[in-house]
Each structure stands twice: as C-alpha cells, then as structure tokens.
Amino acid sequence: MKKLLILSLILFLSIACKDNEETPKATENFTVTIENVFSTKPFFMSGATGLIMPGESESFSFYAGIGHKLSFATMFVQSNDLFYAPDAEGMSLYDNNRNALSGDVTSMIDLWDAGTEVNQEPGVGPDQAPRQSGPDTGADENGTVNNIMDVSDGFTYPSDEEIIRVEITHDGGTKFTATISNISNTSNLPTPFAPGVWLVYAGGNPLFTVGEVSSEGLEDLAEDGNQSILSDDITDNTGYVSPFAPGIWAVFDGDNPIHTIGQATTNGLEALAEDGDPSALAGNLSQQSGVRSSGTFTVPVGASSAAPILPGEKYSFNLSAEEGYILNFATMLVQTNDLYVAFTGQGVALFNNGTPISGDITSQISLFDVGTEVNEYPGAGNSQAPRQGSPDIGDDENGVVGLVNDAFTYPSVGDMIKVTITAN
C-alpha cells in the first residue's frame, strides 16, 4: 500500500511539472524597409498675379528660408513679347549674414525680351496685345531670351523705374510680402501688366535662361499675357519635400522605450527629432529593461556612408524577435524643427496569433512633435536642420511629446514615407 502511494505521488508530480513547462515561443527573422516616397518638387511655393493696370498694385505673401530665391514674370503689354522679371538668378531672399531682404528692390528687376516674336515699336505695333487681331499673330523671331538693353531693335524703351516698382516686406520669421506696383500711369508709355506667375525656389532661375530659347509657357505669357501653361507647369512642380534622417529601432516587451505621449522627452529623442542624431537615444535603448534588441539605421540602401534618405531612397535593417514582442522606430522629418515619425501607440506587434507579420505597415505610422523647439513654417524655417547654423538653435518650446498639432499643414504620412516588413 505504501509503495502504491509513492508511485502515485511520483506520477502526480511528473504531470504537474509537465503542465508548468512553457510552450516554446515562435521566433522569426524580419527585414524592415523605410522608404522616402515624397514626389520631387523643384519649387517650394508659387502662385499667380492678376492684371495690374496703370496706377494699381498687387501683393502676395510667401514663406522662404535661407537659400531660397524669388522670381516672377509679368508681360509688358505694350510690346510683342517683353516681360518684367528679376535678373537671371532671381532675388536671393537672405544675404550671406542671414539677413532677410526688405525694401524697394526695383533695381533688381529688368525688362526682358522672350525672343519669340519680332519687336515692333512699343505702344503702337499692330501685332501687340492691345491691337492684335488674335493671340500669336506677330512674325516669329526664333530668338532667345535676352535683356532688352542687349537687344538691338532700334526702339527706345522707358526705364524700368518709370514703369514698375517692386517692394519686399519681411513680415517676421520667414514670412515675406511682395508688392508689384504699376506706376506707368505717370510715364510717357502707360501699359498694363498682364497676369503673371511667381515662385520661390532654390538653385537657378526656372523661368528662363539668358541666351536660351523660351519655353512654350513663357512665350504665351510674354506674347499674349496668357499665364495658363506656365502656371500649370509651375503648380505641378511646387510643394513641400523633405529627407528623413538616420534613426533608431527597438524590439521590446512592455512600455514604449522611445517616447511617452504627454510627457517631456529625453535628451536622446530631442537630439534625434531636432538634429537627426540617433546616437544618444540608441545608447539609452540598449540599457532599458524590456528591450530585446535595438539599433540604428544610418546608411541608405546602396550607399557607403551615413546620410539622410531623399525621395526614392530607403533604409533597411534586419532583426530577430520572439512572439509577444513589439517593434517601434523613429526618424526625423528633416524639413521641420523637431518632428519625427514613429508607429502609433506602443508600436507594431510582430506576430499575429502566432504568425509573423509581413507587408506594408505604413498605416500604423503617425507624425509626432517632440515638443522641444517652436515649430516654424515647414521647409522654410531658418532653425530647421537644413538651414540652421548649428544644432539646437531654435526657440525652446518646453512642451511634451505628442501628435503634431500646430498651425501648419503637412502631407499625409503615406505621401511622405512607406514602411514594409518581411518575415524571412
């Protein structure tokens, strides 16, 4: 009887131990790809001006940062194909000391010949817009764009200062207002200015190149005051574009180790979100409990050194994780003061009912504000990473981490970035 009790006890303990054994968790290797999907836009801001009659003026406002230029074009109507515009490089909106352009800038404006229609005497030519029977009725010139002062057509033109006045007002921050005034009502050749275009950009003048053939859009504007083709082309190529900076990732079980919504941020996340530097945050993650693994992504696919990713470029990294773990990451939206993208909430669970996830997970990403630096106009702030003189120079905000919520407009997350994960 005693022997039977001992055998029963051994059997019971054996079953109990087996019940307490944990079922091995599934483990999987993953590849994560982060792609910049911004559409390349060569112009930052743009717009149109209307008909400006003698004695009238028109103003338009815009934002611009260090490195941006302003150009515009409006037809000198009492001509065959002449237009007013800044010089061939456009107007730099800041000098080398980072001072904003302001005041009367008429001296930077010239009268240009589009070179598409043979010039007639200004103000009396039968093929000029006020008198021609229809658009594009003058004799083709097959020339190139040149300053009217360099065109030997035998005619005399009033000085620019007799016809047009252009003023720039720096409204504070990175906002400007330009005013084009038609003062030809006091000249010996009153002329309207036809509807035109304006744009803010970096680089060479996109409206024309001296000594080269005019575009179809500029020809229409300069000959007939028809801005539609040029305006449509400029509009299609205008918009906000930003790189994404090197960032960090973490696989964890528990609280999100990257940020806590509604609380002040860490120095590491501040450095990542303001200046695109993930190094301090990466060091912090490696010391946190609950973090299974973590790392940085710094070198774009196909590159040999660390760099931000431009439109069409991507980062990629590999990780290994068990069922029950969560993934999150952070990368700075560079053309901002302190914004970054990361997965919403805790992050993305790497397994779904025991099956490793795979596919496009962009829908689970949000745009966050780290709350450490006052936001400026996206893409034009002079304290933003591409234009700031040194790291951490913007105005302190003393805020908390949260979803971005300011007065500015940003593209949808899916129009900026794409994140995919593949279970290997």
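Please treat every number below as a calculation from the coordinates, not as lab data. As the structure is a computational prediction, the values presented were derived from the model and not from experiment. So basically every Cβ, Gly included, is an ideal-geometry build from the backbone, and we count neighbours across all protein chains shown.
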Rounded to the nearest 0.05, what FRET efficiency do Asp360 and Thr186 have when you use their Cβ-Cβ distance and R0 = 51 Å? 0.20
At what distance in nm do the modelled label points of Glu322 and Leu310 sit from each other, each positioned 7 Å from its Cα along Cα→Cβ? 4.5
Scanning the chain for helices, which whole DSSP H stretches are 24 Å or more long along the axis (Cα) and average 0.5 or more by Kyte-Doolittle? 2-20
At what distance in nm do the modelled label points of Asn29 and Asp104 sit from each other, each positioned 7 Å from its Cα along Cα→Cβ? 7.2
Specify the residue with the greatest mean-square fluctuation among Arg98, Arg131, Arg165, computed from a Gaussian network of the chain linking alpha-carbon atoms under 10 Å apart. Arg131
Per the helix-only calculation at 222 nm, which mean residue ellipticity applies to the chain, given -39500 (n - 2.57) for every DSSP H run of n ≥ 4 and division by its residues, nearest 500 deg cm²/dmol? -4000 deg cm²/dmol
Calculate the FRET efficiency for Asp255 and Ile393 from the Cβ-Cβ distance with a Förster distance of 25 Å, rounded to the nearest 0.05. 0.20
Unit charges at the beta carbon, dipole of the chain: most positive-side option, Val166, Ser79, Tyr63: Tyr63
What are the ³J(HN,Hα) values, in whole Hz, obtained from phi via the Karplus relation 6.51 cos²θ - 1.76 cosθ + 1.60 with θ = phi - 60°, for each residue of the stretch 289-304 in sequence order, with x given for Gly and Pro? 5, x, 8, 6, 7, 7, x, 10, 10, 10, 9, x, 4, x, 9, 10
Among Ile66, Ile365, Ile393, which one shows the biggest mean-square fluctuation in a GNM of the chain, springs joining Cα atoms closer than 10 Å? Ile393
Note: Thr209 to Thr156 extended length (0.36 nm per residue) minus current alpha-carbon separation gives 16.7 nm
Contact order relative to length of the chain, as percent, for alpha carbon pairs under 8 angstrom and 6 or more apart: 21
When the chain is modelled as a GNM with alpha-carbon springs shorter than 10 Å, which of Asp113, Asp153, Asp253 fluctuates the most? Asp153
